[in-house]
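Have a look at the structure below before the remarks.
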Amino acid sequence: MEDVVKVDAGPEIYSGDPIGKLAFDCFGIKYIYPWQRMVISNILEAFEYKKNLELLTDEERDLLDKENSDSFCKGRQIVLLPTGAGKSLCFQIPAMVLDGYTLVIYPLLALMSDQFRRMEQGSLKSVIFKGGQSREERDENFRRLKDGYKMIIANPEVLQSAELVERLKNIGISHVAIDEAHCVSEWGDSFRPSYLGLGDVLKKLNPFVITAFTATASPDVLNRVSEILFDGLAHIVRSESDRQNIHYFLRRACSKKKEALFLAKTEHRPMIIFCGTRNKSEDMARELNVCYGRGTARFYHAGLAKSEKEKIEKWFYESKDGILCATCAYGMGVDKKDIKTVVHLEAPKTVEAYIQEAGRGGRNGSVAKAILLWSLEDSLDFGAYPVTSREYQMKKFAETADFRRQILLDALGGEQAVCSGCDLCNARREKACLQNLKGMKQVFYRRKLEKDMYVADWEMTYSIIKKTKNYYTDLEIEDVVSKKMNERYLSTIGLNIWNHSDSTEVIKQLKESGKISECNFLWKGRLTSKD
């Protein structure tokens, strides 16, 4: 939901536009995008259609169903809008005008709390149902609903309670919205089986309208969501998938933690560094605070207590230069608008997950960088998946020579787009600019490009071994690499952050990838390249 903006505006601005007036009066939103209007209209029209059906005889209902199948389908829709496009408004506005209640299902407790806070800031009173509540708390929620509250927030697990579902059914649910609906496919078959039960819950509630929202879903995921929630019959509403203000970059590195420390100094903040595990998020934050001062970074993961999470969320939300080291527990739906850089220490398993997390950046429309750290080990791991798999798309994204944005869009079945910014296209533009220069201008520009050119830790190491075949042992080359990498970091960020263990990791990955090997016989124990 967009921030509340107080602006003097006369009623004539919204003459004939009750939805626009409602959005402005309640939330301070001055403009509703066409895709938002379409989704809102579908919800309202489908509600009226289904409500009218209740007044008809069985024969009349069957006839109207055949004549208005499109209206029925719009009441069962999957909506794909890019991150930051304002999905919440699409169910908040209808909730204020529909008879009955709107139930919104979120995947994460943090997201539930965040949205509850935002709804309270507007003019939409809501209640939360979650695990661990007492009967008295549940009864108080239903009392508030009876007193005029319109919005109900819940997660899939709490809806496994037959008693709660029955009570919700009895009060009359008009609209069910499932946020981050790709989780139905991503998590339902693994560690969140409650998602697979949502289809049965929806049948029991029997709401007039059901809408599933997501920012990222490939055709396979869409089909799975449709199957679980709608028995395969769903109306798809898809906007453009491309967030042009997000510019995609790849940094090749075997020692990713050191590269992240470098980026923390050289890239714009606020910054998120997504880490694959809880331990890595804690370790990354600790290293940042050691290098750049206490309070520079904090960590966030599912293992924290609720009070700790809320404290960190508040700190990061208000910070202008903080770094949050987080697992995917932070990612979905958290609405800090001014994040400038999103770094991935590890590549997510799928393109959908990567787009979702990279989409935390630039939610205010400003340019943001999404930087994926990619190692030789990543190339081997993702290369083991079938070429047609969703996981293999991450390898294609990382190792393409074309432009990265289209790889993401193709994986989602999205549109063709012109690249608004990525490392590959930027390099091509710089090369074209160099060719157009003459004389000393070309010399100076080439020197600048060479100075700014990024060389990965393993690329530098491989280059040394290739030039000096059969010369260095493991230990000797590690000493050389450690010295050269610390020279780079010292000249750029003023710190010696490279350790001998980092060089050991570089050599290990070069060997495992097959780029270098140890010689036998005469040069036994010496390193040589395969080229």
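The values are calculated or read from the model by the stated rules, or taken from the named source; none is laboratory data. Model, not experiment: these values are computed from the prediction. Quick reminder, even Gly has a Cβ in these numbers, built from the backbone with ideal geometry, and neighbours come from all protein chains shown. With ligands, DNA and RNA removed, areas are computed over all heavy atoms of the protein, side chains included. Shrake-Rupley method; radii C 1.70, N 1.55, O 1.52, S 1.80 Å.
Please determine, in degrees from 0 to 90 and to the nearest 10, the orientation of helix 219-230 with respect to the longest principal axis defined by the Cα atoms of the chain, where the helix direction is its Cα long axis.
Around 30 degrees separate the two axes.
Name the residues whose placed amide hydrogens come within less than 5 Å of the amide hydrogen of G322, ignoring near sequence neighbours (fewer than 5 apart) on the same chain.
M271
For E140, put the label point 7 Å out on the Cα→Cβ axis and report which residues of the range 148-191 keep their amide N under 18 Å from it.
148-154
How would you classify the range 236-344 from its alpha-carbon gyration tensor, with a ≥ b ≥ c the square roots of the eigenvalues: rounded for a/c under 1.5, else prolate if a/b is greater than b/c, otherwise oblate?
It comes out oblate by the Cα gyration axes.
Once you place label points 7 Å from the Cα toward the Cβ at R37 and K511, how far apart are they in nm?
With each label point 7 Å from Cα toward Cβ, the separation is 6.4 nm.
Percent of accessible area on the range 215-359 owned by carbon and sulfur, 1.4 Å probe?
The value for the range 215-359 is 48 percent carbon and sulfur by accessible area.
Can you give the helix-only mean residue ellipticity at 222 nm for the chain, where every DSSP H stretch with n ≥ 4 adds -39500 (n - 2.57) and the sum goes over all residues, rounded to the nearest 500 deg cm²/dmol?
-15000 deg cm²/dmol
Give the shape of the range 93-218 as rounded, prolate or oblate, defined through the alpha-carbon gyration tensor: a ≥ b ≥ c are the square roots of its eigenvalues, a/c under 1.5 means rounded, and otherwise the shape is prolate if a/b is larger than b/c and oblate if not. Don't skip to the end; give the middle numbers.
Details: a/c = 1.45, a/b = 1.30, b/c = 1.11.
Taking the square roots of the gyration eigenvalues as a ≥ b ≥ c, the range 93-218 is rounded.
Could you sort 508-517, 86-95 so that the peptide with the highest average Cβ count within 10 Å comes first and the rest follow in order?
Descending packing order for the listed peptides: 86-95, 508-517.
Relative to the present Cα-Cα distance, how much length would full extension add between S379 and R192 at 0.36 nm per residue of separation?
Between S379 and R192, full extension yields an extra 64.4 nm.
Counting only protein heavy atoms and using a 1.4 Å probe, what share of the accessible area of the range 118-200 belongs to carbon plus sulfur, as a whole percent?
C and S atoms contribute 46 percent here.
With charges only on Cβ, +1 for K and R and -1 for D and E, what is the dipole size of the range 269-371 about its Cα centre, in debye, rounded to 20?
Using Cβ point charges on Lys, Arg, Asp and Glu, the range 269-371 gives about 180 debye.
Can you give me the angle between helix 439-452 and the longest principal axis of the chain, using Cα atoms only, in degrees from 0 to 90, rounded to the nearest 10?
That helix lies at roughly 70 degrees to the long axis.
Would you mind working out the accessible area per residue for the chain, using a 1.4 Å probe, and quoting it in Å²? Present the calculation step by step, with values, prior to reporting the outcome.
Working: 24860 Å² over 531 residues.
Solvent-accessible surface per residue comes out at 47 Å².
Would you mind checking the pairs K257/K309; K314/K340; K337/K396; K30/K311; K130/K309; K469/K511 and listing those with alpha carbons more than 20 angstrom apart?
Exceeds cut-off: K257/K309; K337/K396; K30/K311.
Sequence gap at least 6, Cα distance under 8 Å: using those rules, report the relative contact order of the chain to the nearest whole percent.
Details: 853 pairs, mean separation 67.1, N = 531.
Contact order relative to length: 13 percent.
Starting from the Cα-Cα distance between K306 and D321, subtract it from 0.36 nm times their residue separation and give me the gain in nm to one decimal.
3.0 nm
By the gyration tensor of its Cα atoms, with a ≥ b ≥ c the square roots of the eigenvalues, what is the shape of the chain: rounded for a/c under 1.5, prolate for a/b over b/c, or oblate?
It is prolate, given that a/c is not under 1.5 and a/b is the larger ratio.
In nm, to one decimal, how far is the R488 label point from the S501 one, both placed 7 Å along Cα→Cβ?
Result for the modelled spin labels: 2.0 nm.
What nm distance separates the two modelled labels at K21 and N223, each placed 7 Å from Cα along Cα→Cβ?
Using points 7 Å along Cα→Cβ, the separation is 4.7 nm.
Residue separation times 0.36 nm, minus the C-alpha to C-alpha distance between T400 and L437: what's the value? Show your work: numbers first, answer last.
Numbers: separation 37, 0.36 × 37 = 13.32 nm, distance 2.81 nm.
Using 0.36 nm per residue and subtracting the Cα-Cα distance, I get 10.5 nm.
At R0 = 41 Å, how high is the FRET efficiency between V367 and E45 if r is their beta carbon distance? Nearest 0.05 is fine. Walk me through the numbers on the way to the answer.
Numbers: r = 37 Å, r/R0 = 0.91.
Working from the Cβ atoms, E equals 0.65.
Which order do the peptides 350-361, 378-389, 395-406 take when ranked by the mean count of other beta-carbon atoms within 10 Å per residue, highest first?
350-361, 395-406, 378-389
Where does helix 423-436 land angle-wise versus the long Cα axis of the chain, in degrees 0 to 90, nearest 10?
Between helix and principal axis, roughly 60 degrees.
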